[in-house]
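K.L.:
Before I ask anything, let me first share the structure, which is written out below as structure tokens.
The values are calculated or read from the model by the stated rules, or taken from the named source; none is laboratory data. Owing to the predicted nature of the structure, the values given are computational and were not obtained by experimental measurement. Positions of Cβ are generated from backbone atoms using ideal geometry, with glycine treated the same way; all protein chains shown enter the neighbour counts.
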Amino acid sequence: MRTAMIVVVALAAVVIVDLIFGLLVRRVARGRYRWLLEPLRQACRRPAAAVLLAAALHYALPLGPAGWQRHLRHVVLVALIVAGAWLVIKALHVAEALAFSRLPGDVATSRRVRRARTQIRPVRRLTVAVVTIVAIGLILITFRPVRLFGISVLTSAGVVGALIGLSARTALGNAFAGIQVAFADGLHVDDVLVVDGEWGRVEEVKLTNVVIRLWDERTLILPTTYFTERPFQNWTRNVSRVVGKIQIHVDHTADLDDLRREARRLVESSPLWDRSQWVLQMVDSTPQTAVIQVQASAADGASAWDLRCDLREGLVAYLRDHHPQWLPRTRSQYQP
């Protein structure tokens, strides 16, 4: 009977505290802190109520030497630890969402914003993992037969630490590599990379892998250790602008000034060009052809790819329709 009364009183106290806290938050949230307090209350309402209820029950239940009340108190303590970890994890998710919401939406134009987005998510995931491990260790400590086991989990030492290190060596290596990638400033979310001859945009940097959206909408997922152990190209590390280039083989008799005028017309008429730079040059020659290269800048990787395709198509069509004699030819000399 007494235990039932304790449960009822604890539930009533939780409801009252939640109502009072909600009123206070709504009153304070009318001002400058609304963006912080309102999402925090909405996300943490249930775990906070669970923490208050478990704490009230644990405090109100009597300390008996034995019997079912002692076991009930132990269950309530475990529930309190779980609820506390739940509350902290929810708060971390809210902090991440609020941090992203305070960043500008156009992340492609700001290197600092891309770096911030790259660093926030791995830190939150690592913190969640730490909170989970601490909660598991605290729960194990409450059981006398496995108390030392729980202490070893908390301190990451002893046999448990060795077993975790051996069994999860690859996962831990990727996790630490993810932190290194996030803070080494080598790549950021929305950067344009060239990896093994494939280019794409970084969609997400996780603790254990990096997700890259390739130019043809395929998804390339690589372990984070790849970016700490192997070289890769980052086209947008310092700026978001990308310079695309195309190469065309033409006959040695081709007039480069004429081709340069046509290339200029194509570049300047394209909405994909960012009005920054472009150039047409002869970069190589073979016994049969001259190699013409056109470079033009675009706002991002996707625009640069489309601009390259448009320029290649336009120049080939110009050669075919107006100067077919400038197309590559194989010459032979006949001597009777």
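K.L.:
For region 296-322, give me each residue that is free of Cβ contacts under 8 Å to residues at least 60 places away in the same chain and either acidic (Asp, Glu) or crowded, with 19+ Cβ neighbours inside 10 Å (or both).
P.N.:
Within region 296-322, the first condition is being free of Cβ contacts under 8 Å to residues at least 60 places away in the same chain, and the residues that meet it are 296-298, 306, 309-310, 313-314, 317-318, 320-322.
Once the filter is applied, which keeps residues that are free of Cβ contacts under 8 Å to residues at least 60 places away in the same chain and either acidic (Asp, Glu) or crowded, with 19+ Cβ neighbours inside 10 Å (or both), region 296-322 yields Ala296, Ser297, Ala298, Asp306, Asp310, Glu313, Asp321.
K.L.:
Sort through Asp306, Asp284, Asp310, Asp321 and tell me the only one that's of a type in the set (Asp, Glu) and in a strand (DSSP E or B).
P.N.:
Asp284
K.L.:
Filter region 261-309 for residues that are over 28 Å from Val202 (Cβ atoms) and among the hydroxyl-bearing types (Ser, Thr, Tyr) and give the result.
P.N.:
Residues satisfying the conditions are Ser269, Ser285, Thr286, Thr289.
K.L.:
Only residues that are without any contact (Cβ under 8 Å) to a residue 40 or more places away in the chain and in a loop (DSSP other than H, G, I, E, B): list them for region 216-231, please. Walk me through how you get there before you give the answer.
P.N.:
First, pick out the residues of region 216-231 that are without any contact (Cβ under 8 Å) to a residue 40 or more places away in the chain: 216-222, 226, 229-231.
Within region 216-231, Asp216, Glu217, Arg218, Arg230, Pro231 qualify.
K.L.:
Return a yes/no flag: does region 23-33 have any residue that is part of a helix (DSSP H, G or I), β-branched (Val, Ile, Thr), out of contact with any Ser or Thr (no Cβ under 7 Å at 6 or more places or on another chain) and modelled with pLDDT of 70 or more.
P.N.:
Filtering region 23-33 down to residues part of a helix (DSSP H, G or I) leaves 23-28.
Applying the additional criterion that residues be β-branched (Val, Ile, Thr) yields 25, 28.
This time we only want the ones that are out of contact with any Ser or Thr (no Cβ under 7 Å at 6 or more places or on another chain), so: 25, 28.
Narrowing the set further to residues that are modelled with pLDDT of 70 or more leaves none.
Checking region 23-33: not a single residue is part of a helix (DSSP H, G or I), β-branched (Val, Ile, Thr), out of contact with any Ser or Thr (no Cβ under 7 Å at 6 or more places or on another chain) and modelled with pLDDT of 70 or more.
K.L.:
Assess whether Asp190 counts as being among the charged types (D, E, K, R) and touching a residue at least 24 places away in the same chain (Cβ under 8 Å). Working first, answer last.
P.N.:
Numbers: among the charged types (D, E, K, R): yes; touching a residue at least 24 places away in the same chain (Cβ under 8 Å): yes.
Spelling it out, Asp190 is indeed among the charged types (D, E, K, R) and touching a residue at least 24 places away in the same chain (Cβ under 8 Å).
K.L.:
I need the full set of residues from region 287-298 which are hydroxyl-bearing (Ser, Thr, Tyr) and modelled with pLDDT of 90 or more, in order please.
P.N.:
Step one: filter region 287-298 for residues hydroxyl-bearing (Ser, Thr, Tyr), giving 289, 297.
Within region 287-298, just Thr289 meets the criteria.
K.L.:
Please determine, by comparing only the residues of region 186-225 that are hydroxyl-bearing (Ser, Thr, Tyr) and over 17 Å from Arg121 (Cα atoms), which one is surrounded by the most Cβ atoms within 10 Å (Cβ to Cβ).
P.N.:
Keep residues of region 186-225 that are hydroxyl-bearing (Ser, Thr, Tyr), which gives 208, 219, 224-225.
Filter again for over 17 Å from Arg121 (Cα atoms), leaving 219, 225.
Values: Thr219: 10, Thr225: 19.
The qualifying residue surrounded by the most Cβ atoms within 10 Å (Cβ to Cβ) is Thr225.
K.L.:
At pLDDT below 70 and within 30 Å of Val242 (Cα to Cα) - does that describe any residue in region 83-103? Steps first, answer last, please.
P.N.:
At the first step, the residues of region 83-103 found to be at pLDDT below 70 are 103.
Pick out the ones that are also within 30 Å of Val242 (Cα to Cα) and you get 103.
Scanning region 83-103, I find at least one residue that is at pLDDT below 70 and within 30 Å of Val242 (Cα to Cα), so the answer is yes.
K.L.:
Would you point out the residue of region 216-225, among those that are within 16 Å of the chain's Cα centre (by Cα) and at pLDDT 85 or above, that is farthest from Gly301 (Cα to Cα)?
P.N.:
Keep residues of region 216-225 that are within 16 Å of the chain's Cα centre (by Cα), which gives 219-225.
Subsequent filtering for residues that are at pLDDT 85 or above retains 219-223.
Details: Thr219: 16, Leu220: 16, Ile221: 19, Leu222: 20, Pro223: 23 Å.
Once the filter is applied, the top-ranked residue is Pro223.
K.L.:
Please go through region 242-274 and pick out each residue that is assigned to a strand (DSSP E or B) and without any contact (Cβ under 8 Å) to a residue 60 or more places away in the chain.
P.N.:
Within region 242-274, the subset assigned to a strand (DSSP E or B) is 242-250, 273-274.
Correct list: Gln247, Trp273, Asp274.
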